Amino acid sequence: MSAKGGAVGVHARALGLGFLLPASILVVWQALGMASGNPRTPVPTHVVSSAIDLVASAELPLAILQSLMRVFAGFAVAAAIAVPLGLAMGAFRSVDRNVDPLVESFRPIAAIAILPLAILWLGTGTAAAVMIVAYAAFFPIVVNTVAGAKGVNPTLLRAASTMGLSRLRIVRTVIVPAALPAIGVGLRIGMGVAWTAIVAAELAVGAKAGGGGSGGIGQMMFVFYAYSIELNRIIVCMIAVGLVALALDRLLRLAMRLAMPWSAT
Amino acid sequence: MHETGVHERALAAIPGHDAAQAPAHERAKLRLQDVGKRFETAGRAASVAVQDFTLDVAQGEFLVIVGPSGCGKTTVLNMLAGLERPTAGRVTLDGVEIAGPGPARGVMFQDYALFPWQTVRGNIGFGLRHGPAGSALSAKERAARVQSCIDLVGLNGSEDKYPHELSGGMRQRAALARLVANEPEVLLMDEPLAALDAQTRLILQDELLRIWGQDRPAASRRTVVFITHAIDEAVFLADRVAVMTTHPGRLKALIDIPLARPRNDATRASPEFQALTQHIWSLIRDEAYRATVT
């Protein structure tokens, strides 16, 4: 074998080793599923064919699109409140002292726990789902923004004050840009939480909100679970949720990099 | 004054001292009068950082404060900057008590304090754009001032780089340009060259004197208070060196440096330079030694 061929061989072997565990899991899953004798047990081959059906019928893409709209709306509401509030809390101690106890006492209350209130106030449609998403995404964004605004290198604040800047001007020109990386982390976590919350919200809210793609991916999963009992399709939905979350996170990371050309990472 | 003895001895050691110069207090730009600073920490005895510190800095003077670490040099500078308030005595600029930071007193920090999200150009123009220093200037005038400061420190070609893309020496040049761009009346520098390697340091000492205006008549120079722990750096730069001692931080001696300006490598090689360096070292050697064993 030539040196080059050897290198390729090593490469292929490393690649093979890298996928050894996932591949083994799929094989074992397939074997166990077939051995169970129950035709409803999901196995990889059926999941793949279900995925092809759901994409071809446009059901899955439409449901994801619907859910994404709600996620973006809720996320936007959360960010629009959490970022300014977090900056004010981080920059001004008086604001922090007043708001922090409120934030911290609501934070442990799961988004799904406010579902009854959301339905009472906003009905069982999109508005309630958006509110739940906004509630869920709010906390990671506000907590990270506060940490970012408080963690500004004090020498930078001193430098700005020795140039005669007012406190308000310093907030805008030093604290905001210095806190941007932390805000970015908060937005990324918030987006992940928002996507988690929409599935939960649509499971409950969307069940009565009409059929088809309009219910979003959460409702779609609920229908497959409660009515048609198609476990393969539920697995397809789970994988789709994971892939969308990954894509959203990568997009946000790219946006951060573009927004912060100074950061070395 | 209690340091007069040393003062005179240092003068006597150096021939050619310009005795016609008016005494510093007649044209005092900055004045520290019986200044003290105690730091109160809850549950612990208050620590005295600075005590009975009296010093006048003349208009256009380059004053360097040296002393072992922990002697309160930075506290003195911070009080001049208005970043800290004295707990005793008065600190004044042109006779007016310093109550807080202000654009008349520009500060250069040891760790550069460049804004990482601003390019070199953005950093240099920061005070002009956001502070009172540039409020009377048009955008065009501001840009011209920034450009002249870039030229002054030789950062051409790096204007659009971010601080993390610069070497230590270039960052320090950018910080210096930002300082002078705001045209403060007083330049306060807290060990600005301490983090640099030895060669870069010598080069920036030369640059600093050039930018301060050592070739110009004394009247057109800015007032500088510069902190360092390097005695040779102090002697090379200063009109006068204030030597501080620790626990508490006091002014131990005020030493005239009558070396001719403009100063250069020949100055560093001169016997007068060596004699002054040795003399200051002898003043703080015992304390510096103790600081290394405790």
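Please report the spacing between the Cα centers of region A:119-139 and region B:218-275 in Å, no decimals.
Value for the Cα centre distance between the two parts: 68 Å.
Taking the number of other C-beta atoms within 10 Å as the exposure measure, put A:Cys237, B:Cys71 in order starting with the fewest.
Final ranking by Cβ density, sparse to dense: A:Cys237, B:Cys71.
Just check the protein assembly as shown against the gyration tensor rule for me: Cα atoms, a ≥ b ≥ c as the square roots of the eigenvalues, rounded for a/c under 1.5, and otherwise prolate or oblate depending on whether a/b exceeds b/c.
In terms of gyration-tensor shape, prolate.
Nearest 0.05, what FRET efficiency do A:Ile239 and B:Gln199 give at R0 = 60 Å with Cβ-Cβ as r?
0.50
What share of the DSSP beta bridges in region B:158-294 is antiparallel, in percent to the nearest 5?
55 percent
Can you tell me the relative contact order of chain A? Whole percent, Cα pairs under 8 Å, sequence separation 6 or more.
The normalised contact order for chain A reaches 25 percent.
Let me know the charge dipole size of chain A about its Cα centre in debye, to the nearest 20, where only the beta-carbon of Lys, Arg (+1) and Asp, Glu (-1) is charged.
The dipole of chain A has a size of about 940 debye.
Please report, ordered by residue number, every helix of chain B (full DSSP H runs) that is 24 Å or longer along its axis going by C-alpha atoms and whose mean Kyte-Doolittle hydropathy reaches -1.0.
Counting only whole DSSP H runs, the qualifying helices are B:271-293.
Let me have the relative contact order for region B:89-168, percent, based on Cα pairs under 8 Å that are six or more residues apart.
After rounding, I find 34 percent.
Would you mind getting me the FRET efficiency between B:Ala144 and A:Phe106? Use the beta-carbon distance for r and R0 = 56 Å, nearest 0.05.
0.60
Which FRET efficiency value, to the nearest 0.05, do you get for B:Asp34 and A:Arg257 by plugging their Cβ-Cβ distance into 1/(1 + (r/R0)^6) with R0 = 56 Å?
The calculated FRET efficiency here is 0.55.
Among A:Val244, A:Val130, A:Val193, which one moves the most in a GNM of chain A with springs linking Cα atoms closer than 10 Å?
Comparing A:Val244, A:Val130, A:Val193 in the GNM, the peak value goes to A:Val244.
Where does each of A:222-228, B:273-279 land if you order them by average Cβ count within 10 Å, highest first?
Ranking the peptides A:222-228, B:273-279 by packing returns B:273-279, A:222-228.
For each of A:Leu117, B:Leu128, B:Leu93, count neighbouring Cβ atoms within 10 Å of the residue's Cβ, then give the residues from fewest to most.
Starting with the residue having the fewest Cβ neighbours, the order is A:Leu117, B:Leu93, B:Leu128.
Please rank A:Phe19, A:Phe92, B:Phe39, fewest neighbouring Cβ atoms within 10 Å first, as an exposure proxy.
Ranking A:Phe19, A:Phe92, B:Phe39 by Cβ neighbours within 10 Å, fewest first, gives A:Phe19, B:Phe39, A:Phe92.
Classify region B:181-244: rounded, prolate or oblate, from the alpha-carbon gyration tensor (a ≥ b ≥ c, eigenvalue square roots; a/c under 1.5 rounded; otherwise prolate if a/b is larger than b/c)?
Here region B:181-244 falls in the prolate category.
Amide H neighbours of B:Glu183 under 5 Å, at least 5 residues apart or on other chains, H built in the peptide plane: list them.
none
Quick one: which of A:Lys150/B:Lys37; B:Lys29/B:Lys140; B:Lys140/B:Lys161; A:Lys150/B:Lys29 span more than 25 angstrom between C-alpha atoms?
Flagged as over cut-off: A:Lys150/B:Lys37; B:Lys29/B:Lys140; A:Lys150/B:Lys29.
Relative to the longest principal axis of chain A, what angle (0 to 90°, nearest 10) does the C-alpha long axis of helix A:231-259 take?
The two axes meet at around 30 degrees.
Per the helix-only calculation at 222 nm, which mean residue ellipticity applies to chain B, given -39500 (n - 2.57) for every DSSP H run of n ≥ 4 and division by its residues, nearest 500 deg cm²/dmol?
It comes out at -11000 deg cm²/dmol, rounded to the nearest 500.
Per residue, what volume in Å³ does the Cα convex hull of region A:105-199 take up?
Taking the convex hull of the Cα positions in region A:105-199, it is 110 Å³ per residue.
Give me the percent relative contact order of region B:39-191, please, defined on Cα pairs under 8 angstrom at least 6 residues apart.
RCO, region B:39-191: 27 percent.
Would you please give the residues with an amide H less than 5 Å from that of B:Phe226, counting only those at least 5 places away or on a separate chain, with H modeled from the backbone geometry?
Sorted by chain and number, the residues that satisfy this are B:Leu63, B:Val64, B:Ile65, B:Met189.
Quantify how strongly other chains surround peptide A:24-35 by giving the mean number of their Cβ atoms within 10 Å of each of its Cβ atoms.
Shielding by partners across A:24-35 averages 0.
Assuming a ≥ b ≥ c are the square roots of the Cα gyration tensor eigenvalues, decide whether region A:44-259 counts as rounded (a/c under 1.5), prolate (otherwise, with a/b larger than b/c) or oblate.
It comes out prolate by the Cα gyration axes.
Where both residues lie in the protein assembly as shown, what percent of DSSP beta bridges are antiparallel, nearest 5?
Restricted to the protein assembly as shown, the bridges split so that about 50 percent are antiparallel.
Every number in this text was worked out from the coordinates using simple rules, so none of it is lab data. Given the structure is predicted, the values throughout are model-derived calculations rather than measurements. Glycine also receives a Cβ, built like all others from the backbone with ideal geometry; neighbour counts cover every protein chain displayed.
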